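The values are calculated or read from the model by the stated rules, or taken from the named source; none is laboratory data. Since this is a predicted model, take the numbers as computed values, not measurements. Ideal geometry is used to build each Cβ from the backbone, glycine not excepted, and the neighbour counts take in all protein chains shown.
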Amino acid sequence: MQLKPSIVVGALMLGAAATAHAQLNIYGLVDMSYGKSIADDQANLKADIHSGGDDSSGQGNSTTRVGIKGGVDVGSGVKMNFKFETGGITSSGEVNPGGAFFNRQAWLGMSGGFGEVRVGRQDSVPFQMMGGYDFNGMSNGISSGGYTGVGVWARGRQSRSVQYIAPSFMSGLSMQAGLVVKGNSTVVGAKDVLSGGVRYETGPLSGGVAFQTKATSTAKDFASIGGSWDLKVVKVMLGYADGGKASAGGTGRGPSVGAMTTLAGINLGVMAAQNTDSSAKSRAAEVFVNKEIFKNTYAYGEAGQFKPSGGSSATGYAGGIIFVF
């Protein structure tokens, strides 16, 4: 159907008027480093200069990306929100080669006194609720939780996801739920995916739990629990994730631990994880250091090792600069 010119002009005028009341932000992160990931070492590749978006966002600490987000008050205490964020930007300037441009985020939301509802592509509930328990920011290249598969946050992004973020019923309490319907999926045995998470923070203590049901009949459910305690001198964390038996389509299970301290403005830390599943046994550890050297500009260094059961260990490292805008 062809739209009449008057309707098009009217829509543009309404759009311009709404823009005047919108809170619109362009944001991003650039990670440039020298080093190689654990995956590089497994492939016998040499260290190189990398953007955080290289090798499917597998290099450095964080993914280089750009995004646009905003919100518009539409009346009656309701606000419409949106967020579009690119996939990883490589060192050659490509955006998520071979994949979607807005691969990381692409959702529309509505918020108010009832909380917030979001629909579209977004991080999973376990990732959002439990990611803070990884003191090294779920490093692209050396993450101990990522390589062993037992990070308490270890579930990725979801397309066509509906999520609900509850309002704060009490100080420090956060609750979130999600649903991805199987819809027209052509995957054999596809299932609706339900997820949920609760986190509570009070003073130096924080604890959370999250779950996500299996996406296919041959996969397994995921559940995790984690907590941290800031002892002032050092902050420690302990977590456990269960993704089901690897021999039956799961990702294994096991604990993760971490510790971090700050000396003269420099953050120093360590993370470690172990998959204890008989079919996916592995262990990994990482050490890291970072410091804000200018406003929104951070220097970092990190190194990690991954050792699968019955296989050769592999190491990775990176040193670089992260700029956030």
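Grab the strands (runs of 3 or more DSSP E) fully contained in the range 165-268, keeping just those with 1 or more residues being in contact with a helix residue (DSSP H, G or I) (Cβ under 9 Å, 6 or more places away or on another chain), at positive phi and touching a residue at least 60 places away in the same chain (Cβ under 8 Å). Before you say what the answer is, go through the steps one by one.
Numbers: elements: 173-180, 193-202, 205-212, 222-230, 235-242, 253-263.
Those strands (runs of 3 or more DSSP E) span 253-263.
Could you list all residues from the range 44-57 that are touching a residue at least 60 places away in the same chain (Cβ under 8 Å), over 15 Å from G28 (Cβ atoms) and surrounded by 23 or more Cβ atoms within 10 Å (Cβ to Cβ)?
So the first thing to find is which residues in the range 44-57 are touching a residue at least 60 places away in the same chain (Cβ under 8 Å), and the list is 47, 50, 52, 57.
Filter again for over 15 Å from G28 (Cβ atoms), leaving 47, 50.
Correct list: H50 only.
Anything in the range 92-127 that is among the small types (G, A, S) and surrounded by fewer than 17 Cβ atoms within 10 Å (Cβ to Cβ)? List them, or say none. Before you say what the answer is, go through the steps one by one.
First, the residues of the range 92-127 that are among the small types (G, A, S): 92-93, 98-100, 106, 109, 111-113, 115, 120, 124.
Result: S92, G93, G98, G99, A100, G112, G113, G115.
Applying the selection to the range 262-271, what residues are exposed (fewer than 15 other Cβ atoms within 10 Å of the Cβ) and touching a strand residue (DSSP E or B) at 6+ places or on another chain (Cβ under 7 Å)?
Hits for the range 262-271 are G265, I266.
Where residues in the range 125-144 are in a loop (DSSP other than H, G, I, E, B) and small (G, A, S), which of them is nearest to T261 (Cα to Cα)?
From the range 125-144, those in a loop (DSSP other than H, G, I, E, B) are 134-143; that's our starting set.
Filter once more, keeping what is small (G, A, S): 137, 139, 141, 143.
Details: G137: 15, S139: 18, G141: 22, S143: 19 Å.
My answer is G137.
Please pick out the residue among G145, G77, G137, G132 that is surrounded by fewer than 19 Cβ atoms within 10 Å (Cβ to Cβ), modelled with pLDDT of 95 or more and under 25 Å from I49 (Cα atoms).
On the way: G145 fails: surrounded by fewer than 19 Cβ atoms within 10 Å (Cβ to Cβ); G77 fails: under 25 Å from I49 (Cα atoms); G132 fails: under 25 Å from I49 (Cα atoms).
Residue meeting the stated conditions: G137.
Matching residues to (1) more than 20 Å from the chain's Cα centre (by Cα); (2) surrounded by 18 or more Cβ atoms within 10 Å (Cβ to Cβ); (3) within 21 Å of G226 (Cβ to Cβ):
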site	(1), (2), (3)
T251	no, yes, yes
A273	no, yes, yes
T276	yes, no, yes
S279	yes, no, no
A284	no, yes, yes
K291	yes, no, no
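Do we find that T297 is at pLDDT 95 or above, among the polar types (S, T, N, Q) and under 23 Å from L205 (Cβ atoms) in this structure?
Working: at pLDDT 95 or above: yes; among the polar types (S, T, N, Q): yes; under 23 Å from L205 (Cβ atoms): no.
No.
Pick from the range 58-74 the residues that are in contact (Cβ under 8 Å) with a residue 60 or more places away in the chain and either aromatic (F, W, Y) or touching a Ser or Thr at 6+ places or on another chain (Cβ under 6 Å) (or both): which of them is surrounded by the fewest Cβ atoms within 10 Å (Cβ to Cβ)? Talk me through it step by step, then tell me what you get.
Just the residues of the range 58-74 that are in contact (Cβ under 8 Å) with a residue 60 or more places away in the chain, to begin with: 58-63.
Retained after the next criterion (residues that are either aromatic (F, W, Y) or touching a Ser or Thr at 6+ places or on another chain (Cβ under 6 Å) (or both)): 58-61, 63.
Numbers: G58: 19, Q59: 33, G60: 30, N61: 26, T63: 26.
It comes out as G58.
From R199, R157, which residue is within 19 Å of V125 (Cβ to Cβ), under 20 Å from the mean Cα position of the chain (by Cα) and surrounded by fewer than 19 Cβ atoms within 10 Å (Cβ to Cβ)? Give the derivation first.
Values: R199 fails: surrounded by fewer than 19 Cβ atoms within 10 Å (Cβ to Cβ).
Of the residues listed, the single one that is within 19 Å of V125 (Cβ to Cβ), under 20 Å from the mean Cα position of the chain (by Cα) and surrounded by fewer than 19 Cβ atoms within 10 Å (Cβ to Cβ) is R157.
Which condition from (1) under 21 Å from the mean Cα position of the chain (by Cα); (2) β-branched (V, I, T); (3) crowded, with 16+ Cβ neighbours inside 10 Å is the one that T315 breaks?
Only one criterion is unmet by T315, namely (1).
Which of (1) under 30 Å from K307 (Cβ atoms); (2) touching a Leu at 6+ places or on another chain (Cβ under 6 Å) does N140 not meet, given it meets every other one?
N140 satisfies every listed condition except (2).
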